[in-house]
1. Given (1) closer than 17 Å to residue 97 by Cα; (2) surrounded by fewer than 18 Cβ atoms within 10 Å (Cβ to Cβ), where does residue 250 come up short, assuming only one miss?
2. Does residue 397 meet the test of being under 22 Å from residue 326 (Cα atoms) and surrounded by fewer than 17 Cβ atoms within 10 Å (Cβ to Cβ)?
3. Out of everything in segment 185-202 that is in a loop (DSSP other than H, G, I, E, B) and in contact with a helix residue (DSSP H, G or I) (Cβ under 9 Å, 6 or more places away or on another chain), what residue ends up being farthest from residue 455 (Cα to Cα)?
4. Kindly establish whether residue 338 is free of Cβ contacts under 8 Å to residues at least 12 places away in the same chain and either assigned to a helix (DSSP H, G or I) or more than 24 Å from residue 180 (Cβ to Cβ) (or both).
5. In a helix (DSSP H, G or I) and without any contact (Cβ under 8 Å) to a residue 12 or more places away in the chain, is that true of residue 136?
6. Which residue pairs have Cβ atoms under 6 Å apart, sit 6 or more places apart or on different chains, and have a first residue in segment 484-500 that is within 16 Å of residue 434 (Cβ to Cβ) and a second that is surrounded by fewer than 12 Cβ atoms within 10 Å (Cβ to Cβ)?
7. Looking at segment 90-98, is at least one residue touching a strand residue (DSSP E or B) at 6+ places or on another chain (Cβ under 6 Å), assigned to a strand (DSSP E or B) and closer than 19 Å to residue 39 by Cα?
8. Test of understanding: among 240, 219, which residue is at pLDDT 95 or above, out of contact with any strand residue (DSSP E or B) (no Cβ under 7 Å at 6 or more places or on another chain) and not in a loop (DSSP other than H, G, I, E, B)?
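The values are calculated or read from the model by the stated rules, or taken from the named source; none is laboratory data. Every value quoted in this text rests on a predicted model; they were computed, and no experiment measured them. Neighbour counts are summed over all protein chains in view; Cβ atoms, including those assigned to glycine, are modelled from backbone coordinates with ideal geometry.
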């Protein structure tokens, strides 16, 4: 057992912490393809699905990747990944480079090799057209706090947190248009978006108004693994050629992105890129070393707070699920016949559709029809409704496990329907349903992570944010797993104890004993 555990940990370390290729450029040429990572959920104008339903992607970065691959003498192969997890795909060798509106930052450059810039962006504040706020208004404290939506882990998030501090509530989203939609429905006060996103979606969100000039100008770069000077030099050489031949301009013009800002790229491309032997000295520059576990120690308070939020979500949503599930099961078991098809449809709808989709409908689509719920209330309602369908099936199985003759005997002894339910059926049903209910409670702990789609920063989301900003993936993974175990194991132990106790003390009463108890 110990040997197997050691082998597992060693393998995890090798996969997560070390690059898997000796020469990435040679591998790319041998395969005949450049695997580039991006997230089509981010939408246009970067990478998004074609409207013809073919399942293929389009966007200015798609065309740029194809042109880059052609310069390398291979074909471009798109690899889908969550935007904030693309560096992890790069680290474990699932992609050769990350090309998806990734800003050049010092923190990322310590972990990955950055190419020459391929796009100049700015950050634009957007508000609802009926609003009258700007940066100065947002910077003034208000009660309640104003809210600003941003893409998780983006330069926009950094700008808002730096510029506005605690004066506003910063709400992070996994997609750009999610925040824009929230401003349109006036659930949040403003959003900050990259200028290419603002230009591309202007027609889809006519209710949004750009305030002031774009700020915090920066550049997008292509990231690849460190220690690969031949690949880095080849990428820079290809980008230089694409810029000088006017291919950048031709691609960007097709998406309405060739603006005066892009002419600033001329400074980066006025000289030829260095050969691999020179690039290697830059690429091999050591990054700042941290003691293992230091990131976890530095952010321990934040992780524990997020774990507490996870617990709060679970212990609040599960009683709602149990209550609704028991009610549905009882009504299907003994309620009016006309109601049973409706309840069956309720159960099948919630079991047959993903929790993620249900949360999205409650949080993002209902406001389009005038019903707005806070994120935390949406999480409780969504988890409670979803799990109530499963709890109803558990209770229905428990009710069916009680022999029909026991109900008939109780009725013959003169017990009322409620007395029969309380003294005869409920104790036997409880013993049957408790183990699967405990399993569902533990599962709900983990499913709270889905609530990140509606801006709840629970433990998994906090892990994702910290992993993105610090790149300390391995130690944060271990710490998060330990916290989840610390939360779920006590729940499992408590369920087993209750199950044993019910087996001893809460044996079902015989109809005669129940009759005596009901007097």
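1. So residue 250 meets the others, but not (1).
2. yes
3. For segment 185-202, the residue satisfying everything is 201.
4. Yes.
5. Details: in a helix (DSSP H, G or I): yes; without any contact (Cβ under 8 Å) to a residue 12 or more places away in the chain: yes.
So residue 136 passes the test.
6. Correct list of pairs: empty, since none qualify.
7. Checking segment 90-98: at least one residue is touching a strand residue (DSSP E or B) at 6+ places or on another chain (Cβ under 6 Å), assigned to a strand (DSSP E or B) and closer than 19 Å to residue 39 by Cα.
8. On the way: 219 fails: out of contact with any strand residue (DSSP E or B) (no Cβ under 7 Å at 6 or more places or on another chain).
When all the criteria are applied, what remains is 240.
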